[in-house]
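Read the figures in this text as sums done on the coordinates, not as results from a lab. Everything numeric here is computed off the predicted structure, so don't read it as measured data. When we count neighbours, we look across all protein chains shown, and the Cβ atoms used for this are built from the backbone with ideal geometry, even at glycine.
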Amino acid sequence: MMRALIGTPSVSSTNKTHDQSNLPVIHLLADWLENLGFAVTIVPLPNHAGKANLIATIGPCYKGAKGLVLSGHTDTVPYDDSKWQQDPFKLTEKNNHFYGLGSTDMKSFFALAIDVASRFKAADFKRPLTLLATADEESAMSGAQALSNEQLQHAKYAIIGEPTGITPIRMHKGVMMESIVVTGHAGHSSNPTLGASATEGMLKVMDELLKWREDLQRKHQNPAFDIASPTMNIGSIHGGDNPNRICAHCETQIDIRPLPGMDIDLLRADLQKRLVNILPEDSKLTLIYRPIFCGVPAFETAADAQFTQLTESLSGKKAQAVAFGTEAPYLNKLGLDTLVIGPGHIDQAHQANEYIPANQITPYCNLLQNLIKNICIK
């Protein structure tokens, strides 16, 4: 199954040149799960041609059944073929690792989850087990955002199999990416009165952004994270076209990583309020602020939640916090107690020669088997 999944390209990208359908992967999963007795539903994503989620369930399925969801995304990031030492679409075993695009992030998860599910009979399940496969996690989170309460009303707990070295993750920061554009008026640089400099206007914006960052970091702290405060990175700034022309257009793009408890909409409203009067009325400069994408909320499942404590006990590891984002906040929003735990390491993701360590496969399968026994079988 790992070989088939990795051999089926399903890149998602905001660049339409690289973006691919995930339906071939969805149909592979559907065939395997139907053969195991799962009831399979393929849900096309509205306004996303060639993209779909899969929801497959076995066991008594009714509202409030308090079942378990094993969730992952079917897409991978784009790749640079020239940097791979082996075919990215061919599962290659070497040095006790399995190499391939999506081997750790996160196609192998589906193979392991299905293998574990096959160890049980349909009659064993007292509560439902669901395998959830989503689209476009690596680009827009559109698959997770399309999920509804009705689709998972039979579930109470969820595992997302992102690579964590089989360490449970109960918190991660959110992700926001924002664009700020200052527009001025071009003119000959020898006479500043002929124009209005967008770069000089952007200096005021940058100064306010740094003050805002200081305020956020002073107000918000969470020692569970390696970087205890929210972060803001001024990732790019572009403006002007020649030294002897007054700059008429300047854009900066920023990345913000909010902590759990920090609401994305409130942060955007706060930033908008701070920027609205930053440029003098008589400066002939205008400012436009817009989000680059909707953003990924921060995520937190309580440390004292029964599911957190069960997973800690079965894995032998204390739940931790990470900086990277996942689909967990969207499952939490649907009322599911959610943890992120999977084989492999995040530092292998999104790069050439991605691999999953062979020695993590059996321990992870054993963990999933024990979770299913405790939640769905007992």
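Placing a label point 7 Å from the Cα of N244 along the Cα-to-Cβ direction, the residues of the range 184-199 whose backbone N falls under 15 Å of that point are 187-192. Within the listed set I292, I26, I58, the Gaussian network model of the chain (springs between alpha-carbon atoms below 10 Å) gives the highest mean-square fluctuation for I292. Listed by chain and number, the lysines placed with their C-alpha closer than 28 angstrom to that of K378 are K63, K66, K121, K126, K156, K317, K318, K333; residues fewer than eight positions away on the same chain are left out.
One Cα centroid belongs to the range 2-47, the other to the range 93-150; the line between them spans 11 Å. Taking other Cβ atoms within 10 Å as a rough exposure proxy, H238, H48, H27 sort from fewest to most as H238, H27, H48. For the range 97-127, the residues whose amide N sits under 12 Å from a probe point set 7 Å from the Cα of N359 along the beta carbon direction are 97. Rounded to the nearest 10 degrees, the angle from helix 23-35 to the longest Cα principal axis of the chain is 20 degrees.
For the chain, the longest principal axis of the alpha carbon atoms and the long axis of helix 264-275 meet at an angle near 10°.
Mean projection of the Cα convex hull over all viewing directions, computed for the range 318-362: 4.4 nm².
Packing order of peptides 60-73, 255-268, highest average first: 60-73, 255-268 (average count of other Cβ atoms within 10 Å over each peptide's residues). Between L194, L336, L129, the residue with the greatest mean-square fluctuation in the GNM of the chain (Cα pairs under 10 Å linked by springs) is L194. For the range 3-107, DSSP calls about 90 percent of its internal beta bridges antiparallel. Residue-wise HN-Hα couplings along the range 350-360, as the Karplus relation 6.51 cos²θ - 1.76 cosθ + 1.60 with θ = phi - 60° gives them from phi, are 6, 8, 5, 6, 4, 8, 10, x, 4, 6, 9 Hz; Gly and Pro carry x. Of all DSSP bridge pairs formed entirely within the chain, close to 70 percent run antiparallel. What residue among S148, S189, S229 shows peak mean-square fluctuation when the chain is described by a Gaussian network model with Cα springs under 10 Å? Comparing S148, S189, S229 in a Gaussian network model of the chain, the most mobile one is S189. Classify the chain as rounded, prolate or oblate from the Cα gyration tensor: take a ≥ b ≥ c as the square roots of its eigenvalues, call it rounded if a/c is under 1.5, otherwise prolate when a/b beats b/c and oblate if not. It is prolate, given that a/c is not under 1.5 and a/b is the larger ratio.
Between the beta carbons of L203 and T14, assuming R0 = 22 Å, the FRET efficiency works out to 0.15 to the nearest 0.05. Rg and Dmax of the range 176-291, based on Cα coordinates, read 16.2, 54 Å. Computed from the C-beta positions of D270 and A224, the FRET efficiency with R₀ = 41 Å rounds to 0.95. Which shape class applies to the range 211-370: rounded if a/c is under 1.5, otherwise prolate when a/b exceeds b/c and oblate if not, where a ≥ b ≥ c are the square roots of the Cα gyration tensor eigenvalues? Cα axes put the range 211-370 in the prolate bin. With a Förster radius of 41 Å applied to the C-beta separation of A122 and T231, the computed FRET efficiency comes to 0.30.
What is the helix-to-structure angle for 198-219, meaning the angle in degrees between its Cα long axis and the longest Cα principal axis of the chain, kept from 0 to 90 and rounded to the nearest 10? For 198-219 against the chain, the angle is about 50 degrees.
In order along the range 65-76, the Karplus-derived 3J(HN,Hα) couplings, from 6.51 cos²θ - 1.76 cosθ + 1.60 at θ = phi - 60°, round to 6, 6, x, 10, 10, 10, 10, x, 9, 8, 9, 10 Hz, and Gly and Pro are given as x. Across the chain, the mean sequence separation of Cα contacts (distance under 8 Å, 6 or more residues apart), normalised by length, yields a relative contact order of 24 percent.
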